Amino acid sequence: PSIIPFTVNTISRLDILYPLYKGKIEAAEAALQLQITLGEQIKAAKPQAEYLISDFFDALQRAIRRGVFDASVRTFYGLAANDGTIPPARTEAEVSYWGGKAASGEAARITAGGAPITFPGIAEVNTAVNNFKNLNVQQANAKITYETAQEAIAAQNPEVDKLILK
């Protein structure tokens, strides 16, 4: 238009403020999208870790029932020697705890002269558990990044609001 309804000062402030504010909004959107993507990956990784932990302890318990291992080896895995159950691995904490117990127990039992458990092997269990844990850490970091980006937007909102009102 031939008549611009803004002063030169307002236009200058818009030229400076707009790219900064837009960049902050885009950073927040990217962080949120990463958080969502990682959440989807966790939804796939968690059941895999749960199944492998469950299958590993099932293989242990079956080997004990068949007499391949003595019942006392359960103690290597944080189980009572007379506990023939498969430990629960449904929550994030349980997956981390029992995944760690499977790894440390298997290492201790093999060091004591035992044969490795296969189908699944501990390497497969460790890979699934570590993948799940790493995704959780990445998602937690993405959440922090998103919250920080939102705080940066909120900090600039008063200035932007004044400019909009003007």
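Annotations
- The condition of being touching a residue at least 24 places away in the same chain (Cβ under 8 Å), surrounded by 16 or more Cβ atoms within 10 Å (Cβ to Cβ) and over 23 Å from Ala107 (Cβ atoms) holds for Gln35.
- Against the test of being in contact with a helix residue (DSSP H, G or I) (Cβ under 6 Å, 6 or more places away or on another chain) and closer than 30 Å to Lys166 by Cβ, the options Lys101, Lys46, Lys24 yield a single qualifying residue, Lys24.
- Hey, Ile53 among the β-branched types (Val, Ile, Thr), surrounded by 15 or more Cβ atoms within 10 Å (Cβ to Cβ), on the phi < 0 side of the Ramachandran plot and within 11 Å of the chain's Cα centre (by Cα) or not: no
- Qualifying residue in the stretch 57-79 (condition: open to solvent by 50 Å² or more (accessible area, probe 1.4 Å) and closer than 22 Å to Ala140 by Cβ): no
- Of the numbered criteria (1) assigned to a helix (DSSP H, G or I); (2) at pLDDT 95 or above, the one Phe69 fails is (1).
- The stretch 107-166: number of residues that are part of a helix (DSSP H, G or I), under 25 Å from Ala89 (Cα atoms), among the β-branched types (Val, Ile, Thr) and open to solvent by 80 Å² or more (accessible area, probe 1.4 Å): 2
- Checked across the stretch 40-48, the condition of being of a type in the set (S, T, N, Q), modelled with pLDDT of 95 or more and in a helix (DSSP H, G or I) holds for at least one residue.
- First in the stretch 82-102 and within 21 Å of Phe69 (Cβ to Cβ) and part of a helix (DSSP H, G or I), second anywhere and open to solvent by 30 Å² or more (accessible area, probe 1.4 Å) and hydrophobic (A, V, I, L, M, F, W, C), Cβ under 8 Å, 6 or more apart: Ala102/Ile122
- Top-ranked residue of the stretch 90-106 - restricted to ones that are aliphatic (A, V, I, L, M) and within 28 Å of Gln33 (Cβ to Cβ), ranked as least open to solvent (accessible area, probe 1.4 Å): Val95
- Given (1) under 20 Å from Thr127 (Cα atoms); (2) assigned to a helix (DSSP H, G or I), index of the condition Ala30 fails: (1)
- Arg62 being of a type outside the set (Asp, Glu) and modelled with pLDDT of 95 or more: yes
- Test for Ile16: is it outside any helix (DSSP H, G or I) and out of contact with any Cys (no Cβ under 6 Å at 6 or more places or on another chain): no
The values are calculated or read from the model by the stated rules, or taken from the named source; none is laboratory data. All values derive from a computational prediction rather than experimental measurement. For neighbour counting, all protein chains shown are included, and Cβ atoms are generated from backbone atoms with ideal geometry for every residue, glycine included. SASA here: full protein model, heavy atoms, side chains in, ligands and nucleic acids out. Shrake-Rupley method; radii C 1.70, N 1.55, O 1.52, S 1.80 Å.
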